[in-house]
Amino acid sequence: MRTIWLDGAQWLAVLRIGLGLWWLESWRHKDRKAWFERGTGIAWAADVAREHRWPVVRSGFEWTVAPHPGAMAYVVVYAELALGLGLVTGFLTPVALVGGLLLNLLYLVLMIHDWAEQGQNAMMALISLVALFAMSWQTWSLDHAIGLFL
């Protein structure tokens, strides 16, 4: 593929790195003190799940998240950090892309009624799919440098 500035593999790396920066921004703007000490993030998600139009979301939240709100707060917050770092550095990139895709799909289902959130999560999921199937770790990545996922 020919382009004016970068080749196709480099543009895919730019896309992957941009997605990683998006995850890092999501992590950066979270009020971690509120999430960890006051449980605001999980409490907000519990309210959303409780009012959700799909019963499977309510029951899934009650079965998975509600019994362990403190641990789940750490899982959510640090998953976003790990995804961002993995994608920016290109380390374990396919794992980070699949993890990010699953997290975005989870957010998408949870926030099915909020169109603003839908756009962000749908776009991030689409970028994850493109970066995954185009093997975006082939350029500018630690995976490529150490010979992973060739």
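Worth a mention:
- Applying the condition of being out of contact with any Ser or Thr (no Cβ under 9 Å at 6 or more places or on another chain), in a helix (DSSP H, G or I) and not aliphatic (A, V, I, L, M) to the range 101-117 and asking which residue is most open to solvent (accessible area, probe 1.4 Å) yields 115.
- Within the range 62-76, the set of residues being hydrophobic (A, V, I, L, M, F, W, C) and farther than 16 Å from residue 102 by Cβ comprises 63, 66, 71, 73.
- Checklist (1) at negative phi; (2) open to solvent by 30 Å² or more (accessible area, probe 1.4 Å) applied to residue 92, failing item: (1)
- Answer from 97, 85 - the residue that is within 17 Å of residue 13 (Cβ to Cβ) and buried (at least 20 other Cβ atoms within 10 Å of the Cβ): 97
- Top-ranked residue of the range 1-27 - restricted to ones that are over 16 Å from the mean Cα position of the chain (by Cα) and aromatic (Phe, Trp, Tyr), ranked as surrounded by the most Cβ atoms within 10 Å (Cβ to Cβ): 11
- Test: residue in the range 28-46 that is open to solvent by 50 Å² or more (accessible area, probe 1.4 Å), of a type in the set (Asp, Glu) and within 13 Å of residue 77 (Cβ to Cβ): yes
- Residue match in the range 122-138 (condition: open to solvent by less than 60 Å² (accessible area, probe 1.4 Å) and touching a Gly at 6+ places or on another chain (Cβ under 6 Å)): yes
- Counting the residues of the range 129-150 that are in contact (Cβ under 8 Å) with a residue 60 or more places away in the chain, among the hydrophobic types (A, V, I, L, M, F, W, C) and not in a loop (DSSP other than H, G, I, E, B) gives 3.
- Test result for residue 76, crowded, with 17+ Cβ neighbours inside 10 Å, in contact with a helix residue (DSSP H, G or I) (Cβ under 6 Å, 6 or more places away or on another chain), within 30 Å of residue 134 (Cα to Cα) and touching a residue at least 24 places away in the same chain (Cβ under 8 Å): no
The values are calculated or read from the model by the stated rules, or taken from the named source; none is laboratory data. Only a predicted model underlies this, so the values are computations on that prediction, with no experimental measurement involved. Cβ coordinates were reconstructed from backbone atoms using ideal geometry, including for glycine residues, and neighbour counts include every protein chain displayed. For the accessible areas, the whole protein counts, side chains as well, though only heavy atoms, and no ligand, DNA or RNA atoms are used. Shrake-Rupley method; radii C 1.70, N 1.55, O 1.52, S 1.80 Å.
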